[in-house]
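The values are calculated or read from the model by the stated rules, or taken from the named source; none is laboratory data. Keep in mind it's a predicted model, so treat the numbers as computed, not measured. Neighbour counts run over all protein chains shown; Cβ positions are idealised from the backbone, glycine included. These area figures cover heavy atoms from the full protein model, side chains too; ligands, DNA and RNA do not enter into them. Shrake-Rupley method; radii C 1.70, N 1.55, O 1.52, S 1.80 Å.
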Amino acid sequence: MNKSGEIYEAMALKYLTKKGLKLLAQNYHSRFGEVDLIMEHHQELVFVEVRYRSNCNYGSPLESVTNAKQNKIIKTAQIFIANKNLWNKNARFDIVSITQQKHLFRKYNIEWLPAAFTCQ
């Protein structure tokens, strides 16, 4: 991961922690891909994809999480659940979108979309 990716993941982690989520793992890798943040919220596993865009000329950060990317995250989540024997937990897949803002009061806009996609 590059340095800027680490910065935006740290921003997302701070934001979600303030919302009451607890970090379980960060940058969890499997042979299928990576999950940026794995957290717990009200006894539920939360697999979080963090996306940043400096502008939306080529689509929003939310739109950049394609079906192919979702499938990689889902497969990696299944491996995490199996490795940690967490089959008794409910799980969801969230996206945190970070965009640059031109506003005077804040530099970034952070948007959290709980249950952004599901296993199908």
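Within the set of pairs 6+ apart or on separate chains, which have a first residue in region 7-26 that is under 12 Å from Arg51 (Cα atoms), a second that is open to solvent by 40 Å² or more (accessible area, probe 1.4 Å) and not in a strand (DSSP E or B), and C-beta atoms under 9 Å apart? Going by the 9 Å Cβ cut-off, the qualifying pairs are Glu9/Met1. Total residues in region 4-25 satisfying the condition of being under 23 Å from Tyr108 (Cβ atoms) and crowded, with 16+ Cβ neighbours inside 10 Å: the figure is 8. When every residue of region 15-27 is checked against the conditions, none turns out to be modelled with pLDDT under 90 and of a type in the set (Gly, Ala, Ser). The set of residues in region 49-71 that are modelled with pLDDT of 90 or more and touching a helix residue (DSSP H, G or I) at 6+ places or on another chain (Cβ under 7 Å) comprises Glu49, Val50, Arg51.
Residue count for region 72-108 under the criterion of being more than 23 Å from Leu16 (Cα to Cα), of a type in the set (Gly, Ala, Ser) and at pLDDT below 95: the result is 0.
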